[in-house]
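Encoded as structure tokens, the structure appears first; notes follow it.
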Amino acid sequence: MSQTNLLLICGGGGDEHAISLMSAKFFETSLAKLAHINVLKVELDAQGHYRTSDGELCELTNRKQIRFDDVNIASWPVDYVIPCIHGYPGETGDIQSYFELINLPYFGCDSEASRNCFNKVTAKMWFSALGIPNTPYIFLNDFNDDAIAQAQQALASWGSIFIKAASQGSSVGCYRVDSQEELTESLKQAFNYSPYVIIEKTIEARELEVAVYEKDGEIIATQPGEIICATNTFYTFDEKYAENSQAETKVVADISESVSQRIREYAVKVFKGMKLSHLSRIDFFLTEDNEILLNEINTFPGLTPISMFPKMLQNHGEDFSDYLSHNIMRQLNNKA
């Protein structure tokens, strides 16, 4: 088997930069088992600069090469990229657009699918268009008196709401609001993160997650796992990644087979309908009445030691290294 030069990009300079570095370590460990893959890891900072693990500044050129600032270091040809970046510019589709422009194959969802899933307004419109139940919502495009009035009306109608920056990760710029006194400030903070804001009805429900992935041309959804927050509020950024997190995770949720099957069917339907690629973590709510509501899609899920996606894949009988190799080589062979 011929050697493949794989560029592993991590960081990104955003709010989830540090988490991206943790996920990159998982990729490094998995790729180290593949003798036919040569890996170069580079970290992207907030200024758009790439730097190797040795501290060497470099750039990815439109000739599909890593060119170093130090002219004494030879350029490194790139056959394939894994953009291990959570949030901007990875999950927003920005970096994928560049790969597509220079015709460089990469792992994960394409630029359009990434954009559609990352923007909560666009994503909700897609969910509804595909006929998949999701939480009641309104969206706002400016922080003004009219927006405050709409938010107040939503709170009065629904009793409790989530105010979310539309173009951020699942837990960044996200606020639960239960009283009118905290509404205006939460709305203002959300608009600081994004020019668009979505307001959702608070759903008292179990939080279930499904790992969806491609193998042998088939789209597979694992059994749903469950997140149980000790605070009984929502799965905050700190709950996800803090070492002292009190959140409990179950790789396989204690639900009926019929509910599990419906969730998995919805997950595959939205994966296909939104033209996702390779992997995604798809999150659902399950109410006491067994109502299933699609919450959100993470097009590049975390791969940290406590992340659910790799655990659910492993529980489903998948070896992550084999899964990676299969998808990389299949993509490169189809391109040849």
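The values are calculated or read from the model by the stated rules, or taken from the named source; none is laboratory data. Computed from a prediction, not measured in an experiment: that's the story for all the values here. Reconstructed Cβ throughout: ideal geometry from the backbone, glycine too, with neighbour counts over all protein chains shown. Accessible surface areas use protein heavy atoms only, side chains included; no ligands, DNA or RNA. Shrake-Rupley method; radii C 1.70, N 1.55, O 1.52, S 1.80 Å.
Scanning segment 27-50 for any residue that is of a type outside the set (F, W, Y), over 15 Å from the mean Cα position of the chain (by Cα) and within 30 Å of T135 (Cα to Cα) turns up nothing. Summed over segment 113-134, residues that are more than 28 Å from E100 (Cβ to Cβ) and within 19 Å of the chain's Cα centre (by Cα) total 1. The residues of segment 1-45 that are hydroxyl-bearing (S, T, Y) and touching a helix residue (DSSP H, G or I) at 6+ places or on another chain (Cβ under 9 Å), listed by number, are T4, T29, S30.
Only one of the numbered conditions (1) in a strand (DSSP E or B); (2) surrounded by fewer than 17 Cβ atoms within 10 Å (Cβ to Cβ) is not met by A149, and that is (1). Please verify whether segment 125-143 includes one or more residues that are surrounded by fewer than 19 Cβ atoms within 10 Å (Cβ to Cβ) and of a type in the set (D, E, K, R). Yes, segment 125-143 contains a residue that is surrounded by fewer than 19 Cβ atoms within 10 Å (Cβ to Cβ) and of a type in the set (D, E, K, R). Of all the criteria given as (1) open to solvent by 60 Å² or more (accessible area, probe 1.4 Å); (2) closer than 21 Å to Q189 by Cα, the one not satisfied by N103 is (2).
Going through segment 300-326 one residue at a time, which ones are of a type in the set (S, T, N, Q) and open to solvent by 10 Å² or more (accessible area, probe 1.4 Å)? Even if it seems obvious, please write down each step before you answer.
Step one: filter segment 300-326 for residues of a type in the set (S, T, N, Q), giving 304, 307, 314-315, 321, 325.
Across segment 300-326, the qualifying residues are S307, Q314, N315, S325.
Scanning segment 17-52 for residues that are outside any loop (DSSP other than H, G, I, E, B), surrounded by fewer than 19 Cβ atoms within 10 Å (Cβ to Cβ) and of a type in the set (K, R) yields a count of 2. Within segment 206-222, the set of residues being in a loop (DSSP other than H, G, I, E, B) and either at pLDDT 95 or above or under 16 Å from the mean Cα position of the chain (by Cα) (or both) comprises just one member, T222.
Can you tell which of G87, G55, G14 is in contact with a Phe, Trp or Tyr (Cβ under 6 Å, 6 or more places away or on another chain) and assigned to a loop (DSSP other than H, G, I, E, B)? So that I can check it myself, show each step before the final result.
Working: G87 fails: in contact with a Phe, Trp or Tyr (Cβ under 6 Å, 6 or more places away or on another chain); G55 fails: in contact with a Phe, Trp or Tyr (Cβ under 6 Å, 6 or more places away or on another chain).
Residue meeting the stated conditions: G14.
Which of the residues spanning segment 155-188 are more than 30 Å from K269 (Cα to Cα) and assigned to a helix (DSSP H, G or I)? Quick ask: steps written out before the conclusion?
Of segment 155-188, the ones more than 30 Å from K269 (Cα to Cα) are 155-157, 159, 177-188.
L155, A156, S157, Q180, E181, E182, L183, T184, E185, S186, L187, K188, listed by residue number.
Of all the numbered requirements in (1) hydrophobic (A, V, I, L, M, F, W, C); (2) more than 18 Å from K41 (Cβ to Cβ); (3) more than 11 Å from the chain's Cα centre (by Cα); (4) open to solvent by 10 Å² or more (accessible area, probe 1.4 Å), I73 misses one, and that requirement is (2).
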